[in-house]
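Notes for the one structure printed next.
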Amino acid sequence: MRWWDIEPVLELEHELFPEDAWSAGMFWSELAHARGPHATRRYVVAEDPRTGRLAGYAGLAAAGGLADVQTIAAARDQWGTGLGARLLTDLLRAATAFECAEVLLEVRVDNARAQKLYERFGFEPIGFRRGYYQPGNVDALVMRHSDPASSVTVDGPVQGETHG
């Protein structure tokens, strides 16, 4: 993800997460840590190869051998195409490159689709964060993957291009 991706990412962010969408400042802050020899973030976008339009995005933060999936989203017309799996695979590769032994994430308790994806990749539930998603006061399920390198060979149908 680059600075010029922020505007289309924000459009998709507000479409998919209207109550708790990230701000432009949050994305700018994350991207500030995604470049250079001391980078601690990996942010990618996926484009629909037919239209060139943004199809999804994802981000990971890493520190001290632990990575955290910060965000992952696919446009509704991309659901079921394998894009989410490709984005997650990219993040797990990045976690491995950052030499992280574990990857954590939070997912809304009412997002069964995402939970199934994460389980397929080896994430396991470890707890809850009550009222994590505001202002809707929705709980988050906390999930952990204790061997991110084991999941980086999962393939999905190629339909979209990702780039950092």
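Could you say which residue among Thr81, Thr51, Thr40 is among the β-branched types (Val, Ile, Thr) and surrounded by 16 or more Cβ atoms within 10 Å (Cβ to Cβ)? Please lay out each step first, then the result.
Details: Thr51 fails: surrounded by 16 or more Cβ atoms within 10 Å (Cβ to Cβ); Thr40 fails: surrounded by 16 or more Cβ atoms within 10 Å (Cβ to Cβ).
Just one listed residue meets the conditions, Thr81.
Scanning the stretch 99-113 for residues that are surrounded by 20 or more Cβ atoms within 10 Å (Cβ to Cβ) and either more than 14 Å from Ser146 (Cα to Cα) or out of contact with any strand residue (DSSP E or B) (no Cβ under 6 Å at 6 or more places or on another chain) (or both) yields a single hit, Val107.
This table checks each residue for (1) in contact with a Lys or Arg (Cβ under 8 Å, 6 or more places away or on another chain); (2) more than 16 Å from Ala95 (Cα to Cα).
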| site | (1), (2) |
| --- | --- |
| Asp5 | no, yes |
| Glu13 | no, yes |
| Glu19 | no, yes |
| Ala39 | no, no |
| Val44 | no, no |
| Asp48 | no, yes |
| Gly52 | no, yes |
| Leu60 | yes, no |
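This table checks each residue for (1) out of contact with any helix residue (DSSP H, G or I) (no Cβ under 7 Å at 6 or more places or on another chain); (2) modelled with pLDDT of 95 or more; (3) under 15 Å from Val142 (Cα atoms).
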| residue | (1), (2), (3) |
| --- | --- |
| Leu91 | yes, yes, no |
| Ala97 | yes, no, no |
| Glu102 | yes, yes, yes |
| Leu105 | no, yes, yes |
| Val109 | yes, yes, yes |
| Lys116 | yes, yes, yes |
| Gly122 | no, no, yes |
| Ile126 | yes, yes, yes |
| Arg130 | yes, yes, yes |
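For the stretch 42-64, residues that are without any contact (Cβ under 8 Å) to a residue 24 or more places away in the chain and closer than 24 Å to Arg108 by Cα total 1.
The values are calculated or read from the model by the stated rules, or taken from the named source; none is laboratory data. Note that the structure is predicted; figures quoted are calculated from it, not measured. When we count neighbours, we look across all protein chains shown, and the Cβ atoms used for this are built from the backbone with ideal geometry, even at glycine.
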